[in-house]
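Read-outs: derived from the displayed coordinates by stated rules, not from any lab. Predicted model, so just to flag it, every value in this text is computed and none were measured. Virtual Cβ from ideal backbone geometry, glycine too; neighbours counted across all protein chains shown.
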Amino acid sequence: MLGERERIEIARLWERKLRQDAVGLHQAERHRNLEPASAEFICSLAAGTSAKRILEIGGSSGLSTIALAAAARRVSGQVTSIEKEPDRQAEARRTLAHLDLAAYVDFILGDAALVLESLGEFDFVFIDCEKEDYIRFFHMLRVPAGGIVVADNIIPHSLTSYVAYVRSRPGVESITLPVGKGLEVTRFMANTFHSLVAAE
């Protein structure tokens, strides 16, 4: 689970995010970060399910990456973190190195739409990117039976179309949890990937 060092860095990143919101910084200039309670949750969930292959779509400046890397460390797993903003990813790299978590993260700088199909299966996926991309990125995932996808910002952004989409897919079960800004937690059942392909 998260240790004291990880919690301190998460608190620092979150406080900066709140300051940026308070001064009305333009959306493009803000660091999009997961709420601390949600970070605790995804860390516990990924570690508790012994997820060894973890994917993060939208790493920003590293708050959620800290949580996922801490989970990977616990189970000797590995995180693949995709982020398209170079300055944000550079900060994430520095923060993870400071926390001695860099060895558990493979950073990819680029558009997830261009790299997802070249990646393999993942046991645990965290989505926190542009909201209009949630559905198409979910569709591109390869998740084995028992795998989990968690999407953030479900409640304030009223992502009802994403929720409806994932719940309509064959072989999955999904629930919205009122943690942070709302997390949609979707679990893949047996032969899910093959079922999704066949359903298209």
Cβ density ranking, 10 Å radius, fewest first, applied to L109, L68, L45, L18 yields L18, L109, L45, L68
Can you work out the Karplus-derived ³J(HN,Hα) for every residue in the stretch 50-56? Use 6.51 cos²θ - 1.76 cosθ + 1.60 with θ = phi - 60°, whole Hz, and x for glycine or proline.
6, 6, 9, 10, 10, 10, 10
Gain in span if fully extended, S158 to S76, counting 0.36 nm per residue against the direct Cα distance
26.0 nm
Magnitude of the Cβ-charge dipole (Lys and Arg +1, Asp and Glu -1) of the chain about the Cα centre, nearest 20 debye, reported as 280
For the pair L177 and D106, what calculated FRET efficiency results from E = 1/(1 + (r/R0)^6), where r is the Cβ-Cβ distance and R0 = 45 Å, to the nearest 0.05?
0.95
Taking the alpha-carbon distance from K52 and a cut-off under 25 Å, which lysines remain once sequence neighbours fewer than 8 residues away in the same chain are dropped?
K84
Can you give the helix-only mean residue ellipticity at 222 nm for the chain, where every DSSP H stretch with n ≥ 4 adds -39500 (n - 2.57) and the sum goes over all residues, rounded to the nearest 500 deg cm²/dmol?
-13000 deg cm²/dmol
Can you check what the net charge comes to around R142, using other residues whose Cβ is under 11 Å from the Cβ of R142 (Lys, Arg +1; Asp, Glu -1)?
-2
Inter-site label distance for Y165 and I8 at 7 Å from Cα along Cβ, in nm
4.1
On a 0 to 90 degree scale, rounded to 10, what angle separates helix 36-48 from the longest Cα axis of the chain?
50
Let me check I've understood the local charge: for S76, count other residues with C-beta under 12 angstrom from its C-beta, Lys and Arg +1, Asp and Glu -1. What total comes out?
+4
